[in-house]
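Down below is the structure, laid out as structure tokens.
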């Protein structure tokens with residue numbers, strides 16, 4: 001039997017890494033962070049325990065990479081769903097809705113991720129995070145930003161803050177209210193993206209320039 005080519009080995013490593021990331025998302029979402037061991041993750045992924053150490057420095061870094069992959073995949077699916085569009089405002093609306101939706105659909109996972117980012121480990125710069133960043137930056141540029149180096153980090157911070165507000169134990173803020181604030185800031189019509197209701201909170205609606213639309217608010 002001839003040895004595998006470098007490209008085949010690379011593909012096998014990629015698939016192995018992705019199985020570990022997916023297993024992490026599944027198990028932490030089901031059991032929570034503390035109740036999920038690296039051995040559990042390896043077993044769920046069908047991988048050897050030593051592979052985790054090969055790919056990731058530790059459990060927290062593995063989790064961050066797993067969540068960044070989930071965020072990238074979710075965002076990419078939202079941006080490319082049918083009907084596909086190149087309209088910058090629609091794409092930004094879809095991006096906001098996709099990220100806010102993660103807080104609702106994966107509360108345990110996202111709360112754990114936010115906690116880890118705020119702890120000593122800080123923000124992990126991994127391939128998954130870089131792909132997520134590139135997608136968000138592209139969204140900002142298509143929206144019309146002339147200063148993506150400034151506007152992309154601001155969008156990221158606003159989205160992280162909104163996710164934190166949705167997940168805040170004991171005092172969560174409702175998604176529609178946070179969405180309305182973000183849409184108003186970027187001058188997005190409520191009807192863009194995937195609105196959670198017919199009208200924004202308070203019955204007000206903003207057109208694409210961020211101007212109060214009296215016809216839709218009645």
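Each reported figure results from applying straightforward, stated rules to the coordinates on display, with no laboratory input. Quick caveat, the model's predicted, so the values are computed rather than measured. Here the Cβ is made from the backbone with ideal geometry for all residues, glycine too, and neighbour counts use every protein chain on show.
Structure values in brief
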| read-out | value |
| --- | --- |
| The chain: relative contact order as a whole-number percent, Cα under 8 Å and 6+ apart | 18 |
| Cα radius of gyration and Dmax for segment 60-188 (Å) | 14.1, 42 |
| Rounded if a/c under 1.5, otherwise prolate or oblate - segment 1-107, Cα gyration tensor axes | oblate |
| Ranked packing of 180-186, 89-95, most packed first, by mean Cβ within 10 Å | 89-95, 180-186 |
| For segment 1-55: span of alpha carbons on each principal axis (Å, largest first) | 43, 17, 16 |
| Shape of segment 34-73, Cα gyration tensor, a/c cut at 1.5 | prolate |
| Nitroxide proxy distance, nm - points 7 Å out along Cα→Cβ at residue 80 and residue 37 | 3.8 |
| Residue 73 versus residue 154: modelled label distance in nm, points set 7 Å from Cα along the beta carbon direction | 3.3 |
| Most to least packed among 33-40, 76-83, 111-118 [average Cβ atoms within 10 Å] | 111-118, 33-40, 76-83 |
| Zero-based 5 Å bins, Cα pair distances in the chain, whole percents | 1, 7, 13, 16, 17, 14, 11, 8, 5, 3, 2, 1, 0, 0, 0 |
| Highest to lowest packing among 157-167, 49-59, scored as the average C-beta count within 10 Å | 157-167, 49-59 |
| Using alpha-carbon coordinates, inclination of helix 175-185 to the longest axis of the chain, degrees | 70 |
| Helix 107-118 vs. the chain, principal-axis angle (Cα, 0 to 90°, nearest 10) | 80 |
| Sorted largest first, extent of segment 102-169 alpha carbons per principal axis (Å) | 37, 23, 18 |
| C-alpha long axis of helix 59-80 to longest principal axis of the chain, angle in ° | 50 |
